[in-house]
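J.: The structure under discussion is supplied below as structure tokens; questions concerning it will follow.
The values are calculated or read from the model by the stated rules, or taken from the named source; none is laboratory data. Everything numeric here is computed off the predicted structure, so don't read it as measured data. Every residue, glycine among them, receives a Cβ derived from its backbone with ideal geometry; neighbour counts consider all protein chains shown.
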Amino acid sequence: MKIHNCIAFVTGANRGIGAAVVEALLAAGAAKVYAAARSAIRHPNPRVVPLALDVTDGAAIAAAAAAAGDVGLLINNAGALEGGDLFAAGAEAVERQLAVNALAPLRLALALLPALRRSQGAIVNILSVVAWAPMPGLAGYSASKAAAASLTGSLRATLASDGVSVHAVFPGPVDTAMAAGIDLPKTSPAEVAGAILAGVEAGEAEIFPDAFSRQIAAGWFADPRAVAEQFAA
């Protein structure tokens, strides 16, 4: 799909990748951007429509979908990350991350599906390279992104006949507040945002928006076990 003149809906739009995606959409000529965050943001551009949205609240999702009935591009970016291995973090931490990272994108897709079908638009789910192989110190996050990746594939297969494209984005470490504690080289949110929109326009089902993710993807397709062992270490 073309970004110019599109009407987009971005979750987690208040900071990090989400805020960068909003700016990239505006720069690319999007007609309107619904910018959703827990607390409605302020933005000087009149093409930005702020929405207050807790992505774990079903009633709030329904209200946001009713307000955005003209959307053609859904970008599920809102995320939650809690560190710790499975025993230290506990099942409740995994549940919280599954709710935000896996179930919320599905619920938003379902709520906005009538508009997306009308526009023959696109869904973009921002995942992570740890969706392929878990890092023990990010156990719940890894599991939630793996679940989200599987659901993304299911959405793609289900919606193919409706003309709605579904894109999975697998970034490596990005220079955001969420990744502040990760001791690896990080890509800027602006670079990731630009790569996401370019991948959508190119029709790429899987988008690798930074050098780290492209390196890991190449390794995964060549030898998945080696990548799994690397992440486990």
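J.: In the range 12-23, which residues are buried (at least 21 other Cβ atoms within 10 Å of the Cβ) and more than 18 Å from PHE170 (Cβ to Cβ)?
T.: Those that are buried (at least 21 other Cβ atoms within 10 Å of the Cβ) and more than 18 Å from PHE170 (Cβ to Cβ): ALA13, ALA19, VAL22.
For (1) within 24 Å of ILE7 (Cα to Cα); (2) of a type in the set (S, T, N, Q); (3) in a helix (DSSP H, G or I), each residue gets a yes or a no:
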{"residue": "GLU92", "(1), (2), (3)": "no, no, yes"}
{"residue": "ASN101", "(1), (2), (3)": "yes, yes, yes"}
{"residue": "ALA109", "(1), (2), (3)": "yes, no, yes"}
{"residue": "ALA133", "(1), (2), (3)": "no, no, no"}
{"residue": "HIS167", "(1), (2), (3)": "yes, no, no"}
{"residue": "ALA193", "(1), (2), (3)": "yes, no, yes"}
{"residue": "GLY199", "(1), (2), (3)": "yes, no, yes"}
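J.: Which residues, taken from the range 120-134, are more than 19 Å from PRO209 (Cβ to Cβ) and either surrounded by 18 or more Cβ atoms within 10 Å (Cβ to Cβ) or acidic (Asp, Glu) (or both)?
T.: If the condition is that a residue be more than 19 Å from PRO209 (Cβ to Cβ) and either surrounded by 18 or more Cβ atoms within 10 Å (Cβ to Cβ) or acidic (Asp, Glu) (or both), then GLY121, PRO134 are the ones that fit.
J.: Next question, about the same structure. State which residue is nearest to the chain's Cα centre (by Cα) when the search covers only the range 184-233 and only residues that are farther than 18 Å from MET135 by Cβ and of a type in the set (Asp, Glu).
T.: GLU206
J.: Also: Based on what the data block shows, is LEU155 modelled with pLDDT of 95 or more, in a helix (DSSP H, G or I) and under 30 Å from GLY90 (Cα atoms)?
T.: Yes.
J.: Here's a follow-up. Out of GLY18, GLY79, I need the residue that is assigned to a loop (DSSP other than H, G, I, E, B), within 16 Å of the chain's Cα centre (by Cα) and within 25 Å of GLY194 (Cα to Cα). Which one?
T.: GLY79
J.: Might you let me know whether the range 187-196 holds any residue that is under 20 Å from ASN77 (Cβ atoms), touching an Asp or Glu at 6+ places or on another chain (Cβ under 7 Å) and among the charged types (D, E, K, R)?
T.: Yes: the range 187-196 contains one or more residues that are under 20 Å from ASN77 (Cβ atoms), touching an Asp or Glu at 6+ places or on another chain (Cβ under 7 Å) and among the charged types (D, E, K, R).
J.: Scan the range 62-97 for residues that are of a type in the set (S, T, N, Q) and free of Cβ contacts under 8 Å to residues at least 60 places away in the same chain and report the count.
T.: 1
J.: Looking at ALA104, is it touching a Pro at 6+ places or on another chain (Cβ under 9 Å), modelled with pLDDT of 95 or more and either among the hydroxyl-bearing types (Ser, Thr, Tyr) or within 27 Å of ALA131 (Cβ to Cβ) (or both)?
T.: So ALA104 fails the test.
J.: Residues LEU127, LEU106: which one is in contact with a Leu (Cβ under 9 Å, 6 or more places away or on another chain) and either in contact (Cβ under 8 Å) with a residue 12 or more places away in the chain or not hydroxyl-bearing (Ser, Thr, Tyr) (or both)?
T.: Matching residue, one of LEU127, LEU106: LEU106.
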